[in-house]
Amino acid sequence: MKPGTLKLDTPVVLNFRLKNTSSVTMTAGRVGEEIDYDLTVTDMQGGELPRTPRGERLLRGEYAGIRGDGIDLKPGEETEESVNIANIYQFTQPGTYLVRAMRHFILGTVDEIRAHARTIEKAAVSNVVQFTITP
């Protein structure tokens, strides 16, 4: 999502660009956009917005993976993904909001995965994005 203005009761799509800034090929597991990212949406005072029923289930870990593949990113490569955060959070009031995303399921290097090494989950954290919802 580029910082901007959206209308109430419309999709709130957050677009991500995931870039491998390391010197080795990394694999990012893909289960489903709403699962791969830990999203936090707050108002300008720092209060987290209420979640939708789906968002509550995701928070409790009550979900099924949509897919179970991965994407290999060579050093410097990037990929784009998106998620409609209105499926997770309730945007019932006009206002200005902040969102931050943390990408889970960074599984490690290809060699680590192939060797069935103990995976230490790594994560990528986004910058904070501000956006406004209007009536």
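Things worth noting here:
- Restricting the first member to the stretch 6-18 and to residues that are surrounded by 11 or more Cβ atoms within 10 Å (Cβ to Cβ), and the second to residues that are assigned to a strand (DSSP E or B) and among the acidic types (Asp, Glu), the beta-carbon pairs closer than 6 Å and six or more apart or on different chains are Phe16/Glu81.
- Unmet criterion (only one of (1) more than 17 Å from the chain's Cα centre (by Cα); (2) outside any strand (DSSP E or B); (3) over 22 Å from Ile133 (Cα atoms)) for Asp72: (2)
- Qualifying positions in the stretch 1-53 - assigned to a strand (DSSP E or B), charged (D, E, K, R) and over 26 Å from Pro135 (Cα atoms): Arg17, Lys19, Arg30, Asp38
- The stretch 77-108 - residue that is modelled with pLDDT of 90 or more and aromatic (Phe, Trp, Tyr) and, of those, farthest from Arg54 (Cα to Cα): Tyr97
- Considering residues of the stretch 55-69 that are modelled with pLDDT of 90 or more and over 15 Å from the mean Cα position of the chain (by Cα) only, the residue surrounded by the fewest Cβ atoms within 10 Å (Cβ to Cβ): Glu56
The values are calculated or read from the model by the stated rules, or taken from the named source; none is laboratory data. The shown structure was predicted, so the numbers you read here are calculated from the model rather than taken from an experiment. Neighbour counts run over all protein chains shown; Cβ positions are idealised from the backbone, glycine included.
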